[in-house]
Amino acid sequence: MKKITILLAAGCMLFASSCSLKNSSAPEEKEKEEYAERVKAAFTKGWHAYTTYAMGMDAVNPISQKGHNWYAEPLLMTPVDAYSTMCLMGLDSIRNQAKELILTHLNFDKDMEVQQFEIAIRLIGGLVSSYQLDGDRRFLDLAVDLGNRLLPVFDTPTGIPYRMINLKTGKKSGNVTNPCEVGSMLVEYGMLSKLTGDPKYYEKCKRGIEAVYERRGKTGLVGGQINCDTGEWLDTKAHIRGGIDAFYEYLLKGYILFGDEDLKKMWENSLTAINTYLEDKTPNGTWMGEADMNTGKRTATIFGALDCFWNGCLVLSGETERAKALQESIFKMWTLHGIEPESIDYTTMEIRDAVYLIRPEAIEATYYVWKATGDRKYYDMGKTMFESIEKYCQVENGYVQLRDVRDKTKWDTLESFFFAETMKYCYLFFAPDSVFSFKDYVLNTEAHPMKNTWDKDWRGDYKMFKK
Ligand code: DMJ
């Protein structure tokens, strides 16, 4: 029955037009087409900044007209993160340019230490998705090479992975980690296993997740920091923001993609615990707070840009009413100063961190609720968010982040997730239905579409509940 609940929920979301009441004034096709073109133009402008000033590097600094790398040598973060969005947008000429760059220049045989989680979600995720959307096997070969280089992080006494690894030597470091950096590679490693037929990637990552889950607190929640050699918690504060967020997200998405019943159990228990201890209904609206993982006692009332991803999980799990309540708060936070701050104290509505890193999660949240409800109001929220980015983050040579949302001071840098996620979610609001469907894809935490191509029965099962 429980399986039915999740699948039915996802089904309702995919077929919102038949399962839910729609606001009568549906967006006009002409307006959607115009907005879709504007989003593509914004993406293309950002890409031109990259190719003009930072070609071959990881990311661009549009104002100073240069680029930068994460590590000593580039790993082509921007092109790899951008490629799946180019495919969905049908931007063929820049797509060919990015493909050529990736396939001729990307090489992981580098004597440098990298953060395995960030590399996995952006590069393995981007390459696997590129393979599935484009069909060129060389994308998958690169992803497998990278996966093999990262895999030794899991060889620890507990099975909980190290944070860092040298791509050439395999030397690991960083035994203090967090649940996000333990579990948020499951979708990517699971895809490697399914597409190569070698279970080792999925099994090692799942073991790390189980090792953290087994150590959860009395509330059922996990904490903020754990030692991967001893399994001891170093921070028992539970929340859903950065450091924990995609640990939970991947229990759910892993279940939807791979049909693993163990993940379903861990997800459902976690969802109950989060709804019980972290959801916070206040006079300012419904928010997600922080609590001690053992006592459940509230430890902070901070909500931020990263927490917004949670609405996607709520919608996929059929918790649409909860998602609608949280969506009101997300939009309130977005409009407080015309564009979203990194975090606020939701009891006072005061800013705790004023930057806007051009993050996607609020737009992602809005997109899921729009698809789940068909209510025009959420489509309009999406339009407002895109317009804010146009107005405040656009510069002559591209798009940048903001140092302070109050005075809109620019920050001369552009993260690769602008291309992978922020622009993709903006585009999906306005794109024709044929471009993307949750029926076919699960979006990884970097918004790279992942497709189950191996289990027709599972997808058939999935479809059955949408009638
Ligand atoms: C992205 O790299 C991913 O969405 C990740 O899960 C969280 N942070 C950024 C975007 O804000």
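Pick from region 111-138 the residues that are in contact with a Pro (Cβ under 9 Å, 6 or more places away or on another chain) and more than 16 Å from the ligand (Cβ to nearest atom): which of them is nearest to ALA82 (Cα to Cα)?
Out of the qualifying residues, it is LEU133.
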Condition check for GLU188: charged (D, E, K, R), buried (at least 21 other Cβ atoms within 10 Å of the Cβ) and either over 14 Å from GLU446 (Cβ atoms) or touching a residue at least 60 places away in the same chain (Cβ under 8 Å) (or both): yes
Pick from region 416-450, criterion at pLDDT below 95 and charged (D, E, K, R), ranking: surrounded by the most Cβ atoms within 10 Å (Cβ to Cβ): LYS439
Complete set of residues in region 366-409 that are of a type outside the set (Phe, Trp, Tyr), more than 29 Å from THR320 (Cβ to Cβ) and assigned to a helix (DSSP H, G or I): GLU390, LYS391
Candidates VAL405, VAL369 - the one that is under 26 Å from THR78 (Cβ atoms), at pLDDT 95 or above and either of a type outside the set (Lys, Arg) or crowded, with 20+ Cβ neighbours inside 10 Å (or both): VAL405
Enumerated strands (runs of 3 or more DSSP E) restricted to region 282-365, each holding at least 1 residues that are within 16 Å of the ligand (Cβ to nearest atom) and in contact (Cβ under 8 Å) with a residue 24 or more places away in the chain: 285-288, 302-304, 343-345, 350-353
Residues (among the hydroxyl-bearing types (Ser, Thr, Tyr), crowded, with 16+ Cβ neighbours inside 10 Å and out of contact with any strand residue (DSSP E or B) (no Cβ under 7 Å at 6 or more places or on another chain)) located in region 84-105: THR85
Matching residues in region 237-258 - criterion: being more than 13 Å from CYS308 (Cα to Cα), crowded, with 19+ Cβ neighbours inside 10 Å and more than 12 Å from the ligand (Cβ to nearest atom): ALA238, LEU251, LEU252, GLY254, TYR255, ILE256, LEU257, PHE258
Any hit, region 85-92, residues being over 30 Å from GLU37 (Cα atoms) and in a helix (DSSP H, G or I): no
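The values are calculated or read from the model by the stated rules, or taken from the named source; none is laboratory data. In this text the structure is predicted, and so the values were computed from the model without any measurement. Here the Cβ is made from the backbone with ideal geometry for all residues, glycine too, and neighbour counts use every protein chain on show.
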